[in-house]
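S.K.: Below: one structure in C-alpha cells.
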Amino acid sequence: MKKILNLEQNLIYKDSRLSFDFTQSIDRFCYKIGVPKNLIEKITNDIEDYYKEWKFAKEHKDGSKKVKNGVVQYRVINPSKKDLKWIQKRICDRILSKFQYPINIQGGLKKRDNIQNAKMHLGKKFHLVTDLSNFFPTITHKAVYNRLLEIGFSPDVSRIITLLCTYNYKIPQGISPSTYLANLVFYPIDLLLIEICNRLDLFYTRFVDDIAISGNYDFHLRTNEILNVIHDSNYKINHAKTFYRVGKTEITGILVSNNVLNPKDSIDQRINDPNTNENSRNSLKVYRKRIKDI
C-alpha cells in the first residue's frame, strides 16, 4: 500500500499493518476502528446526546477562586458518554496513538509524562516557562478538519473524525482524543519553535499547554523573538504563568535544579496530611520516588 500521509519533519506514523487506505474511505475507516457505519451516522446526527458537562471554578494556588471583570472563571469539562466514548477510544488506540513525535513533545504520549518533560531540562541554568491560555478551546473544529486534510486524510474521513472528536465547534476537555488531536494540530508551531531554539542553541519541550525552553547561557534578550512565534498564531500566552528564571525552576510541577529533580513541597505536605487517605498517600510516595530516582 502506497503511503499517502504527508507528514512533517520527525513526525512518524507507525501502523503494524502499514495500511493507510482508511484515510481515504469512510468504509475503510469504519473497518479500521471496528465500528459499524450506521452507528457512526446515528451518533453524528445526534451528537448532543453523547456529551455531559461539568463546571469547576478555577482557583489560584492559595485556593481562592479566579475572578475576571467581577465574574468567577470556570473550567468546563465535556466528557463523552455511551457509544461515543468507546468509539473515541478506538480512534485513539487504532489511529491517533500511532503518530510518533520527537522528544520535544511530551504530553499525552506513551512513556512520556511531566517527570520526563522536566528531565529534558536537567543541566540547564537558564529557563523560560510559559503556558498556552485556553489551549483546547482555542483549537476549533475547523483547525482539526483542515489539519487532517493537510496530512492526507480525505475530506469525508476528515469530516467524520472531526464530528466524532469535537464538540461545540472545538476540542472538548475530558475526552480521550483531545490531547492527541491537540498535538497533531499544534505540531507545525512546535516545529517553528524547535527550529528557532535549535538555532539559538536552546532546548524546547511542550507538555500539552506547558512550554519550557532552557539553555546554558543568558537568553532573556531573545525571549520575545521566541514567543513571537506564538503571538503570531491563533494561540495566546498566559502572561501570569510566564517566567524567565536562572537556577531552580518549576517545570510541569517538578523543581529542576542543576542536575537534580525534586518534588514540590506540597507533595510532602499532602503525604503527611492526616486527612489524606492511604491509597492517595501511597500513590504520592510512588510519585515522589519516581522524581527523586531520575
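S.K.: Over segment 61-110, with every protein chain in place, what whole percent of the accessible area is carbon and sulfur at 1.4 Å, could you tell me?
M.R.: Numbers: 1420 of 2890 Å².
The C+S portion of the solvent-accessible surface of segment 61-110 is 49 percent.
S.K.: Something else now. Restricting to Cα pairs below 8 Å that are 6+ residues apart, what does the relative contact order work out to for segment 39-138? Please round to a whole percent. Mind showing how you got there, number by number?
M.R.: Details: 57 pairs, mean separation 17.9, N = 100.
Worked out over segment 39-138, it gives 18 percent.
S.K.: Under 8 Å for C-alpha pairs, at least 6 residues apart: give me the relative contact order for the chain, rounded to a whole percent. Could the numbers behind the result be given before it?
M.R.: Values: 430 pairs, mean separation 63.6, N = 294.
Computed value for the chain: 22 percent relative contact order.
S.K.: Next question. Quick one: compute the contact order of segment 1-97, relative version, from alpha carbon pairs under 8 angstrom and 6+ residues apart, as a percent. Write down the numbers at each step before the final one.
M.R.: Numbers: 78 pairs, mean separation 21.3, N = 97.
Across segment 1-97, relative contact order equals 22 percent.
S.K.: So, with a 1.4 angstrom probe, what is the percent of accessible area on segment 245-294 that is carbon and sulfur? Walk me through the intermediate numbers first.
M.R.: Details: 1390 of 3270 Å².
The computed percentage sits at 43.
S.K.: Give the average over all directions of the projected area of the C-alpha convex hull of segment 60-196, one decimal, in nm². Before the final figure, lay out each step's value.
M.R.: Values: hull surface 44.9 nm².
That works out to 11.2 nm², a quarter of the Cα hull's surface.
S.K.: Whole Å is fine, so just give me how far the alpha carbon centre of segment 78-99 lies from that of segment 122-195.
M.R.: Answer, in whole Å: 15.
S.K.: Taking only protein heavy atoms and a 1.4 Å probe, what accessible area per residue, in Å², does segment 112-238 have with all protein chains in place?
M.R.: On the way: 5040 Å² over 127 residues.
Here the per-residue accessible area is 40 Å².
S.K.: Could you tell me the largest-minus-smallest coordinate of the C-alpha atoms of the chain on each of the three principal axes, in descending order and whole angstroms?
M.R.: Projected onto the principal axes, the Cα atoms of the chain cover 55, 48, 42 Å.
S.K.: Moving to a separate point now. Work out the charge dipole of the chain with +1 on the Cβ of Lys and Arg and -1 on the Cβ of Asp and Glu about the Cα centre, then indicate which of Ser233, Ile33, Tyr101 is farthest towards its positive end.
M.R.: The one lying farthest along the dipole's positive direction is Ile33.
S.K.: Keeping all protein chains in place, calculate the accessible area per residue for segment 45-93 (probe 1.4 angstrom), answer in Å². List each step's numbers first, then the result.
M.R.: Details: 3490 Å² over 49 residues.
Averaged over the residues of segment 45-93, the accessible area is 71 Å².
S.K.: Starting from the Cα coordinates of segment 136-294, work out the convex hull volume and express it per residue in Å³.
M.R.: Here the figure is 162 Å³ per residue.
S.K.: Still on this structure: Amide H of Ile211: which non-local residues (sequence gap of 5 or more, or other chain) have their own amide H closer than 5 Å, using H built in the peptide plane?
M.R.: HN-HN under 5 Å from Ile211: Thr130, Asp131, Leu132.
S.K.: Quote to one decimal, in nm, the extra length available between Lys236 and Phe56 on full extension: 0.36 nm per residue of separation minus the C-alpha distance between them.
M.R.: 62.6 nm
S.K.: Anything over 18 Å Cα to Cα? Flag those among Lys82/Lys170; Lys98/Lys236; Lys111/Lys285; Lys52/Lys85, in the order listed.
M.R.: Table pairs above 18 Å Cα-Cα are Lys82/Lys170; Lys98/Lys236; Lys111/Lys285.
S.K.: Compute the Cα gyration tensor for segment 10-120, then decide on rounded, prolate or oblate, letting a ≥ b ≥ c be the square roots of its eigenvalues: rounded whenever a/c is under 1.5, prolate when a/b is larger than b/c in the other cases, and oblate in all that remain.
M.R.: Values: a/c = 3.43, a/b = 1.34, b/c = 2.56.
Cα axes put segment 10-120 in the oblate bin.
S.K.: What residues qualify as long-range amide H neighbours of Ile237, i.e. H under 5 Å apart, gap of 5 or more or another chain, H built at 1.01 Å from N?
M.R.: Result for Ile237 returns Ser133.
S.K.: Additional query: Residue by residue through segment 134-142, which ³J(HN,Hα) values in whole Hz follow from phi under the Karplus form 6.51 cos²θ - 1.76 cosθ + 1.60 (θ = phi - 60°), with glycine and proline marked x?
M.R.: Coupling constants for segment 134-142: 6, 4, 5, x, 6, 8, 7, 4, 5 Hz.
The values are calculated or read from the model by the stated rules, or taken from the named source; none is laboratory data. Quick caveat, the model's predicted, so the values are computed rather than measured. Cβ coordinates were reconstructed from backbone atoms using ideal geometry, including for glycine residues, and neighbour counts include every protein chain displayed. Just so you know, the surface numbers come from the protein's heavy atoms only, side chains and all, with ligands and any DNA or RNA stripped out. Shrake-Rupley method; radii C 1.70, N 1.55, O 1.52, S 1.80 Å.
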